Each structure stands twice: as C-alpha cells, then as structure tokens.
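Visitor: One structure, pasted below without further comment.
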Amino acid sequence: MDDLSTFAADRIRPLIRVRQIRDFADRAVSPAELDAIADVARWSGSSSNTQPWRFVLVRQRDTIRRLAEAALPQTRALQTATAAIAIVLPDEAGRAVSYAYDEGRAAERILIAASMLGLGAGITWILPEARDKIHSILAIPEGRFVRTIVAIGHPSEAARAPKSAPGTARLPRGEVVFEEGWPKG
Ligand SMILES: Cc1cc2nc3c(=O)[nH]c(=O)nc-3n(C[C@H](O)[C@H](O)[C@H](O)COP(=O)(O)O)c2cc1C
C-alpha cells in the first residue's frame, strides 16, 4: 500500500469496526448520548427527503426487557441492552421497498453513532408474528409498524472480544469488489 492508501484506510477504519453487538455491560447509556444518537438518526437521508421514519427511544430497562421477550431469539441483544431505539414506519405496501431502504440507512447510522460514542449497538429484527406484542408495548398507532429495534449499550467484555479469526468475518475482497464491470469467466 502507498502512503495515500494507508492514510485513507486508517481514516476509514472506525467504520470497519462498527459491528453487531449483542451483549452489554450493566452500565447506563446517558440521556445525552441517546439524544445525540437520535439526532443522527433523524438526519439520515431518505427517498425524496420524505423522512418516513419515527424513532421511539426506550430508556426504561423494564420496557427493553419486555421488548426482548416479545420477539426472541431475534431480540436477544435487548436482554442486556440499556437503551433501545425502535424505528417506526408507515405501513404502506406500495412504498415498502423505499421505506425499507430508508430504514436501513437510519439503522446503520445509529450503529455508527453508537460506536463513535464508545458504545455498541445491534439490529434486532421484529418478525411479522411478533409485531402486535411490540406495538402494544410501545403504543404504536394503526397504520404504522416496527421492523427494527436497535439495542444500544456499553459492550460487555465478551462482546468486545473478536467473534471470528482475523480476516474471516467477510468474504475476501476479490470475491466482492470488481473493477470496471463484472469479472470475465
Ligand atoms: C436486515 C438485517 C436484519 C438483522 N436481524 C438481526 C436480528 O434479528 N438479530 C440479530 O441479533 N442480528 C440481526 N442482524 C445483524 C446481523 O446478524 C449482522 O449484521 C451480521 O451478522 C454481521 O455482523 P458483524 O458486522 O458483527 O460481523 C441483522 C442485520 C441486518 C442487516
């Protein structure tokens, strides 16, 4: 690698370190930290700037645990999280793909913002069969739904440890990144 490549890779490395965290220490996320993360979420770009999402901040541990129980095993990160953000979307079949794209952008930004604050975060996916329970806990009105709840907290020691051998958590670059077009052969 030349100097410029090393510089670029080093600057961007914090993004590569943003990983799914599913286990958290018993240490609170401060109200100011959660508020700051929510601001990052609401500044996400969205299709035609429609801003279709609403974000429900959950700070009460009892509520976070009830959310966890309602949609296991996908929600296991909420069993130890000390804060959570539910992403609420309009339930409109015609715009489902566009909303899902906007939702993904916001979810990833929440993960990045948490990481920049020295916290960790993890996506939990609410399957359709669990949504009624989740909606009831969060008082979500008719015509809106929750598919993603992001668990947030201080990563536990175990969660900070590497999950896999170095270099194995993603496909090799050559299998994923192509130059100028699809590779021949
Ligand atoms: C659309 C989507 C849904 C996901 N659903 C869940 C989930 O329900 N529960 C969970 O623990 N992780 C969930 N994840 C996290 C993935 O498992 C995680 O991004 C993947 O394993 C890579 O993790 P890493 O970045 O730590 O390597 C989801 C991720 C995405 C993008």
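Visitor: Please identify which residues in the stretch 111-145 have an amide N closer than 19 Å to a label point set 7 Å out from the Cα of K163, following the Cα→Cβ vector.
Guide: Flagged as within label range: 111-127.
Visitor: Sticking to Cα atoms, compute the Rg of the stretch 1-88 to one decimal and its Dmax as the biggest Cα-Cα distance, whole number, in Å.
Guide: For the stretch 1-88, the Cα-based Rg and Dmax read 16.9, 52 Å.
Visitor: Moving to a separate point now. So for the chain, Kirkwood radius off the Cα pairs, Stokes-Einstein at 37 °C and 0.692 mPa s: how many µm² s⁻¹? Walk me through the numbers on the way to the answer.
Guide: Working: Rh = 17.9 Å.
For these conditions, the coefficient is 184 µm²/s.
Visitor: Just to make sure I understand: if all protein chains stay in place, what is the order of F55, F7 by accessible area at 1.4 Å, largest first? Kindly include the intermediate steps, with their values, before the conclusion.
Guide: On the way: F55 45, F7 115 Å².
Ranked list, largest accessible area first: F7, F55.
Visitor: Shifting gears a bit: Tell me which GluC sites (Glu not before Pro) from the stretch 117-164 have a DSSP coil assignment and no more than 10 other beta carbons within 10 Å of their own. Numbers along the way, then the final one.
Guide: Details: sites: E129, E142, E157; in loops: E142.
Listed in order of number, the matching sites are E142.
Visitor: With all pairs of different alpha carbon atoms counted, what Kirkwood hydrodynamic radius in Å does the stretch 123-162 show? Can you show the working numbers first?
Guide: Working: mean 1/r = 0.0834 Å⁻¹.
Result for the stretch 123-162 stands at 12.0 Å.
Visitor: Okay, moving on. Which angle from 0 to 90°, rounded to the nearest 10, does the C-alpha axis of helix 3-16 make with the longest principal axis of the chain?
Guide: It works out to around 20 degrees.
Visitor: Further, regarding this structure: Helix 96-116 sits at what angle to the longest principal axis of the chain, using alpha carbons and giving 0 to 90 degrees rounded to 10?
Guide: The two axes meet at around 70 degrees.
Visitor: Let me ask you something else. When only the heavy atoms of the protein chains count and the probe is 1.4 Å, how do W125, W182, W43 rank by accessible area, highest first? If you can, show how the numbers build up before the last one.
Guide: Details: W125 125, W182 205, W43 180 Å².
Reading off the accessible areas and sorting them downward yields W182, W43, W125.
Visitor: Something else about it: Once the whole set of protein chains is in place, how much accessible area is left on L119, using a 1.4 Å probe, in Å² to the nearest 10?
Guide: My reading of the accessible area for L119 is about 10 Å².
Visitor: Right, another one. Per the helix-only calculation at 222 nm, which mean residue ellipticity applies to the chain, given -39500 (n - 2.57) for every DSSP H run of n ≥ 4 and division by its residues, nearest 500 deg cm²/dmol? Can you show the working numbers first?
Guide: Working: 7 runs with 73 residues, N = 185.
Value at 222 nm, helices only, nearest 500: -11500 deg cm²/dmol.
Visitor: Among I37, I134, I12, whose mean-square fluctuation peaks in a Gaussian network model of the chain (Cα, cutoff 10 Å)?
Guide: Fluctuation is largest for I12.
Visitor: Related question: Based on the alpha carbons, how large is the Rg to Rh ratio for the stretch 118-185 when Rh follows Kirkwood?
Guide: Details: Rg = 19.3 Å, Rh = 16.3 Å.
Here Rg/Rh amounts to 1.18.
Visitor: Relative to the present Cα-Cα distance, how much length would full extension add between A100 and R19 at 0.36 nm per residue of separation? Don't skip to the answer; put the middle values down first.
Guide: Working: separation 81, 0.36 × 81 = 29.16 nm, distance 2.03 nm.
Once the chain is fully extended between A100 and R19, it gains 27.1 nm.
Visitor: Debye calculation, C-alpha points only, no solvent: report log10 I(q)/I(0) for the stretch 57-154 at q = 0.12, 0.15 Å⁻¹, in the same order as the q values.
Guide: Those come out to -0.35, -0.55, one per q.
The values are calculated or read from the model by the stated rules, or taken from the named source; none is laboratory data. Bear in mind that the values here come from a model prediction, so they are computed numbers and not experimental data. Backbone-built Cβ (ideal geometry, glycine too); neighbour counts: all protein chains shown. Calculation scope for accessible area: heavy atoms of the full protein, side chains included, ligands and nucleic acids excluded. Shrake-Rupley method; radii C 1.70, N 1.55, O 1.52, S 1.80 Å.
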